[in-house]
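Enquirer: Pasting a structure here, questions to come.
The values are calculated or read from the model by the stated rules, or taken from the named source; none is laboratory data. On a predicted model such as this, the values are computed, not experimentally measured, just so you know. Note that we place each Cβ from the backbone using ideal geometry, even for glycine, and neighbour counts take in every protein chain shown. Calculation scope for accessible area: heavy atoms of the full protein, side chains included, ligands and nucleic acids excluded. Shrake-Rupley method; radii C 1.70, N 1.55, O 1.52, S 1.80 Å.
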Amino acid sequence: MMRKCLVTGATGFVGSHLCMHLLSAGYQVVAMKRNNSSLELFNSVKHHYLTGAKDDLKEKFGALSVALNLETLKQNLDNSFRWVVADILDTDSLFEIMNEPFDVVFHCAALVSFKKSDEHKLVENNIEGTANVVNTCLKTKQLNLVHVSSVAALSRSEDLDYIDINSEWIESPYNTTYAKSKYFSELEVWRGEEEGLTVGVVNPGIIMGVGNGHTAQQQFLGIIQSGNPLVPMGSNGFIWVDDLCQKIIEINQIQNYGNRILGVTHNLSYETFFHTIADFLGKKRPSVKIKGFVFHLLVSITWITDKFRLPFPISRDLIVSTSKKSIYS
């Protein structure tokens, strides 16, 4: 029997890719979007899979794209996929949608931002929105919930570079407002487990992959394409979105609930990462290292621009967090 699922944030980057992977895996997909959501990103992701295209940048990093069952994908896009309109900040619309029975709810809706001006939106969308999803699942007896969290929710201490899935949250200057919002949203999911839900959580690193729009991959490509000379001195965990989708679906397929799953396939320094992208694009490698005087100058500048809400291409949070070496295992 075909499993039926609800995907929140289905017009977003992870949600769009996840819909394609679920359909290829034989799920009936109900995709949730807001009334004014653009379908540009979703349609670009759909086109990518339907044409059997590869992610050349992923292969530059020595990894292969996940192959989907195109026949099943095409068939289920026509027969087993539909949109519903709701907003995770509108509990009435959530309740109306979730009155329909689902085998599993995949919660992908979230805001990713490092702007000082977006602090309220991060709390509202990531924490309150997740609380609304959890509460509505409980009210409507949707007992299986898979939550897409982040390695940012694992925290980063000043003393330790190595982080694993059991690392506990520690307050530190390397925790961005976004990280805090993902940590507290994850606490809402674990509260749901205590109140009767069956939950699974995946904590991905920086998520790369194809798609038109404000995605991480497009931003990094744009930074290098523009001739940016700066390179952070920290490191981070990375994962390509097709690999992440397989991990998300696997939680439901093998019933691996009650756990956190680390979503990191590559531990890379930003220097290696930026240089690999520059080589891929045939551009000059950025060589001005953000350390010492350059680091302190940027921290001072971004403190002023953040405080007075002045336009600047990067925030103080991001300057500080990307200076940290973080290795995930």
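Enquirer: Does region 189-202 contain any residue that is touching a strand residue (DSSP E or B) at 6+ places or on another chain (Cβ under 9 Å), touching a residue at least 40 places away in the same chain (Cβ under 8 Å) and farther than 27 Å from Glu100 by Cβ?
Expert: no
Enquirer: On the given criteria, is Asp317 under 28 Å from the mean Cα position of the chain (by Cα), among the acidic types (Asp, Glu) and under 18 Å from Ser172 (Cβ atoms)?
Expert: Yes.
Enquirer: Can you run down the residue pairs with Cβ atoms below 7 Å, 6 or more apart or on separate chains, where the first is in region 245-267 and at pLDDT 95 or above and the partner is open to solvent by 30 Å² or more (accessible area, probe 1.4 Å) and of a type in the set (A, V, I, L, M)?
Expert: Gln246/Val66; Lys247/Ile261; Ile249/Ala25; Ile251/Ile261; Arg260/Ile165; Leu262/Ile165; Asn267/Ile327
Enquirer: Quick one: in region 273-329, which of the residues that are in a loop (DSSP other than H, G, I, E, B) and aliphatic (A, V, I, L, M) is surrounded by the fewest Cβ atoms within 10 Å (Cβ to Cβ)?
Expert: Per the criteria, the residue is Leu310.
Enquirer: Taking region 100-154 on its own, how many of its residues are more than 13 Å from Ser181 (Cα to Cα) and open to solvent by less than 10 Å² (accessible area, probe 1.4 Å)?
Expert: Qualifying residue count, region 100-154: 12.
Each row is one residue, and each column tells you yes or no for (1) aliphatic (A, V, I, L, M); (2) touching a residue at least 24 places away in the same chain (Cβ under 8 Å); (3) in a helix (DSSP H, G or I).
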{"position": "Met1", "(1), (2), (3)": "yes, no, no"}
{"position": "Cys19", "(1), (2), (3)": "no, yes, yes"}
{"position": "Ala63", "(1), (2), (3)": "yes, yes, no"}
{"position": "Val84", "(1), (2), (3)": "yes, yes, no"}
{"position": "Leu89", "(1), (2), (3)": "yes, yes, no"}
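Enquirer: Would you mind finding the one in Gly222, Gly237 that is under 14 Å from Val151 (Cα atoms) and either of a type outside the set (Phe, Trp, Tyr) or in a helix (DSSP H, G or I) (or both)?
Expert: Being under 14 Å from Val151 (Cα atoms) and either of a type outside the set (Phe, Trp, Tyr) or in a helix (DSSP H, G or I) (or both) holds for just one of Gly222, Gly237, which is Gly237.
Enquirer: Considering each residue of region 40-61, count those that are within 20 Å of Ser24 (Cα to Cα), in contact (Cβ under 8 Å) with a residue 12 or more places away in the chain and part of a loop (DSSP other than H, G, I, E, B), and give that number.
Expert: Total satisfying the criteria: 3.
Enquirer: For region 58-90: of the residues being more than 23 Å from Val210 (Cβ to Cβ) and more than 23 Å from the chain's Cα centre (by Cα), which is most open to solvent (accessible area, probe 1.4 Å)?
Expert: Applying the filter and picking the extreme gives Asn79.
Enquirer: Check region 29-51 and report whether any residue there is surrounded by 13 or more Cβ atoms within 10 Å (Cβ to Cβ) and closer than 13 Å to Ile249 by Cα.
Expert: yes
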